[in-house]
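What follows is a short report on a single structure.
The values are calculated or read from the model by the stated rules, or taken from the named source; none is laboratory data. None of these values were measured; they are calculated from a predicted model. When we count neighbours, we look across all protein chains shown, and the Cβ atoms used for this are built from the backbone with ideal geometry, even at glycine. SASA here: full protein model, heavy atoms, side chains in, ligands and nucleic acids out. Shrake-Rupley method; radii C 1.70, N 1.55, O 1.52, S 1.80 Å.
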Amino acid sequence: MYTARWRNTGERKSDSGEGFVERSQVLFFAGSGIMSNKKLRRVGLSQELCDRLSRHQIVTCRDFLCLSPLEVMKVTGLSYRGVHELLCTVSRACAPQMQTVYGIKTQRSANHLPAFLSTTLSALDEALHGGVACGSLTEITGPPGCGKTQFCIMMSVLATLPTNMGGLEGAVVYIDTESAFSAERLIEIAESRFPRYFNIKEKLLLTSTKVHVFRELTCEEVLQRIESLEEEIISKKVKVVIIDSIASVVRKEFDTQLQGNMRERNKFLAKGASLLKYLAEEFSIPTRRKEHLYL
Amino acid sequence: MQRDLVSFPLSPAVRVKLVSAGFQSAEELLEAKPSELSKEVGISKEEALETLQIVRRKCLTNKPRNDSTSDTSCRKCTALDLLEQEHTQGFIVTFCSALDNILGGGVPLMKTTEICGAPGVGKTQLCMQLAVDVQIPECFGGVAGEAVFIDTEGSFMVERVVDLATACIQHLQLIAGTHMDEEHEKALEDFTLENILSHIYYFRCHDYTELLAQVYLLPDLLSDHSKVRLVIVDGIAFPFRHDLDDLSLRTRLLNGLAQQMISLANHHRLAQVGNIVQITKPERMHSTVSNHTSGI
């Protein structure tokens with residue numbers, strides 16, 4: 001019997017709830033915003049200054065940078081020049097590193113990280129300039145029944161193939177919101193596309209164990225699952241993350257006729273997207289979100 | 001100098017002590033020595049020295065009001081001066097002739113340009129093209145500068161920039177072929193793929209805190225890399241849209257950012273370190289959803 005591993009919703013990963021400031025209601029994700037959540041104590045400021053700031057509920061770099069220079073002067077008692085130097089110190093602690101584009105390019109080729117995952121459909125590969133881009137988010141949209149889920153299942157097979165056959169030789173995380181994933185179909189695709197490679201039962205079993213399917217049925221659960229993905233990616237050597245489909249959960253929960261829902265919906269989509277983008281860039285994996293378009 | 005003490009950027013604690021000691025205007029303060037001041041007011045000697053330095057610096061810059069020729073911090077000039085400046089300033093071509101015509105030659109230096117539009121229309125592509133075009137040598141009509149690319153959305157693709165740079169090199173080689181000039185040949189020797197890519201400085205900001213931090217550090221960066229002529233912020237409003245619920249804070253931070261960038265352009269123009277164009281790219285700031293679902 002061939003089975004792909006099923007996993008129902010796991011336990012919730014606790015978000016780092018420290019630093020909750022009344023000023024803004026921001027959830028601190030496990031993945032993004034690591035630099036901005038940095039505690040001011042670790043930046044190199046004096047203990048006395050940190051204590052003074054924490055009395056005004058300014059604990060992280062984010063809280064500090066949201067203040068205007070006048071507010072900082074009032075809170076710290078420093079002169080304008082001192083405030084300016086302090087701002088530079090804190091900024092240096094959480095600003096991103098500079099890279100030249102040439103540096104990025106040479107780093108990628110040195111690590112032998114492929115820039116694209118070929119879809120083995122030559123016309124599509126040509127249009128996409130090589131295939132699905134690694135390290136970024138790809139959206140697949142289309143009317144119902146045009147083959148999006150099938151495409152995603154096929155990409156799962158391709159990702160598990162060894163590199164000399166054009167694959168990424170890694171695991172796949174498949175977040176399924178519609179229960180559309182069929183393990184039987186996965187095996188069928190593998191056998192018919194690559195009959196010579198998948199001629200032994202063991203190879204089929206191996207491929208199916210590499211696809212980790214998570215069934216999430218609400219927006220909240222999807223977001224939690226994405227937040228906890230980082231550890232999965234590292235431990236299981238995941239190379240592709242697929243979400244099938246983001247549009248269905250959103251449509252179920254947010255009725256676009258109602259006024260307030262639009263904002264909530266966008267907020268959810270944007271949060272999910274930024275988390276996925278962070279994961280994609282950090283681990284250089286292609287992430288795919290599937291959408292339906294109902295006219 | 002009858003200027004009131006309250007208008008100086010002193011620390012609040014020191015100011016309170018000075019006022020309660022009876023000092024009202026800058027003139028009274030300038031007569032004192034640091035050690036005398038510290039004893040009288042009750043502040044440390046270092047604080048007294050710092051205070052006097054701040055006051056002295058401000059007073060000195062205010063003195064030569066009539067002597068405008070040597071005053072480089074003075075921002076007044078006539079419209080004729082500005083006209084001459086605008087005629088001589090360079091443009092960054094976009095390689096789209098229709099767009100260049102509308103803009104009057106290309107993206108102007110010393111100005112802030114905003115690019116907005118629906119998702120998928122080509123804003124990031126245009127920004128990447130400009131990051132390559134700013135490096136075109138002067139003999140081909142470019143500004144021979146470097147570029148800073150601050151990315152908040154992650155849509156920057158290295159492979160695409162390689163394509164753009166390669167195409168630009170080929171285009172210039174064709175032009176050089178028709179001119180058959182030594183100057184052009186020599187300029188092309190330096191205009192290689194490696195050089196182009198090395199002169200685009202890339203920063204990836206994942207949220208608005210990193211963006212704010214990066215903009216605070218821009219002045220130092222620009223003084224270190226004096227050849228930068230272009231600063232691109234790809235998606236200036238994007239990190240503020242989903243992370244901040246407090247609308248007034250969001251507005252304040254965004255406006256503060258815009259002000260900082262404008263002052264950056266002006267300041268570097270005065271110091272004549274470099275002429276800078278900034279392209280900010282706010283996508284729609286209000287939260288209406290565009291027609292397709294990928295409106296992020």
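Would you tell me the mean number of C-beta atoms belonging to other protein chains that fall within 10 Å of each C-beta in B:210-221, as a whole number?
Details: counts 12, 4, 11, 15, 5, 3, 8, 7, 2, 1, 3, 2.
Per residue, the number of nearby Cβ atoms from other chains is 6 on average.
Identify, among B:221, B:145, B:188, the residue whose Cα sits farthest towards the positive end of the charge dipole of the stretch B:120-254, taking +1 on the Cβ of Lys and Arg and -1 on the Cβ of Asp and Glu, with the dipole about the Cα centre.
Highest projection toward the positive end goes to B:221.
Report, in debye and to the nearest 20, how large the dipole of the stretch A:146-295 comes out about its Cα centre when Lys and Arg carry +1 and Asp and Glu carry -1 on their Cβ. Walk me through the numbers on the way to the answer.
Details: 22 positive and 21 negative charges, 80 e Å.
Approximately 380 debye in magnitude.
Estimate for me the total accessible surface buried between chains A and B (protein heavy atoms, probe 1.4 Å, no ligands or nucleic acids), in Å² to the nearest 100.
Protein heavy atoms only, the A-B interface buries about 4900 Å².
Once R0 is set to 25 Å, what does the formula 1/(1 + (r/R0)^6) return for the Cβ-Cβ distance between residue A:234 and residue A:206, expressed as a FRET efficiency to the nearest 0.05?
Working: r = 20 Å, r/R0 = 0.82.
The pair residue A:234/residue A:206 has a calculated efficiency of 0.75.
Would you check the accessible area of residue A:56, probe 1.4 Å, heavy atoms only, in square angstrom rounded to 10?
Residue A:56 has an accessible surface of roughly 90 Å² with all protein chains in place.
With a 1.4 Å probe and every protein chain left in place, work out the accessible area per residue of the stretch A:36-76 in Å², rounded to a whole number.
Using a 1.4 Å probe on heavy atoms only, each residue of the stretch A:36-76 averages 50 Å².
Would you work out what percent of the accessible area of the stretch B:184-227, with all protein chains in place, is carbon or sulfur (probe 1.4 Å)?
Carbon and sulfur: 45 percent of the exposed surface of the stretch B:184-227.
Which percent of the Cα-Cα distances in the stretch A:199-254 go past 14 Å?
Cα-Cα pairs in the stretch A:199-254 separated by more than 14 Å: 62 percent.
From the convex hull of the Cα coordinates of the stretch A:49-95, what is the mean projected area in square nanometres? Display every interim value, and only then the final one.
Working: hull surface 11.3 nm².
Projected area, direction-averaged: 2.8 nm².
Per residue in the stretch A:240-275, which ones lose no less than 10 Å² of accessible surface when going from chain alone to all protein chains (1.4 Å probe)?
A:262, A:263, A:265, A:266, A:267, A:269, A:270, A:271, A:273, A:274
Suppose every Lys and Arg Cβ carries +1 and every Asp and Glu Cβ carries -1, with no other charges. What dipole size does the stretch B:189-265 come out with about its Cα centre, to the nearest 20 debye?
On the way: 6 positive and 11 negative charges, 63 e Å.
With Lys and Arg at +1 and Asp and Glu at -1, about 300 debye.
Can you work out the FRET efficiency for the pair residue B:99 and residue A:262, with r the C-beta to C-beta distance and R0 = 35 Å, to the nearest 0.05?
0.60
Roughly how crowded by other chains is peptide A:81-93, in terms of the mean Cβ count from those chains within 10 Å of each of its Cβ atoms?
3
Could you work out the mean count of beta carbons from other protein chains within 10 Å of each residue's beta carbon in A:121-133?
Numbers: counts 0, 0, 0, 0, 0, 0, 0, 0, 4, 1, 0, 0, 3.
Averaged over the peptide's residues, the number is 1.
On the accessible surface of the stretch A:85-226, probed at 1.4 Å, how many percent belong to carbon and sulfur atoms?
53
List every residue whose amide H lies under 5 Å from the amide H of residue B:91, counting only residues 5 or more places away in sequence or on a different chain, with H placed 1.01 Å from N in the peptide plane.
none
Starting from the amide H of residue B:201, placed 1.01 Å from N in the peptide plane, find each other amide H under 5 Å away whose residue is 5 or more places distant or on another chain.
When sequence neighbours closer than 5 places are left aside, the close amide H contacts are B:147, B:148, B:149.
When a/c is below 1.5 the answer is rounded, else prolate if a/b is larger than b/c, else oblate, so apply that to the stretch A:96-178 with a ≥ b ≥ c taken from the square roots of the Cα gyration tensor eigenvalues.
Cα axes put the stretch A:96-178 in the prolate bin.
I'd like the accessible area for residue B:78: 1.4 Å probe, protein heavy atoms, all chains in place, Å² to the nearest 10.
Here the residue's solvent-accessible area equals roughly 80 Å².
Efficiency by 1/(1 + (r/R0)^6): what FRET value for residue B:183 and residue B:77, r their Cβ-Cβ distance, R0 = 35 Å, to the nearest 0.05?
0.55
Is the C-alpha gyration tensor of the stretch B:93-237 telling us rounded, prolate or oblate? Criteria: a/c under 1.5 is rounded; beyond that, a/b larger than b/c is prolate, otherwise oblate.
The shape class here is prolate.
Does the stretch A:118-223 classify as rounded, prolate or oblate by the C-alpha gyration tensor (a ≥ b ≥ c root eigenvalues; a/c under 1.5 gives rounded; else a/b over b/c gives prolate, otherwise oblate)?
oblate
Show me, for the stretch A:241-250, the HN-Hα J-couplings you get by feeding each phi into the Karplus relation (A = 6.51, B = -1.76, C = 1.60, θ = phi - 60°), rounded to Hz, glycine and proline as x.
10, 10, 10, 10, 10, 6, 5, 5, 5, 5
Using modelled backbone amide H atoms (1.01 Å from N, in-plane), which distant-in-sequence or interchain residues come within less than 5 Å of residue A:142's amide H?
Amide H neighbours of residue A:142: A:291, A:293.
Residue separation times 0.36 nm, minus the C-alpha to C-alpha distance between residue B:87 and residue B:2: what's the value?
So the extension gain works out to 26.4 nm.
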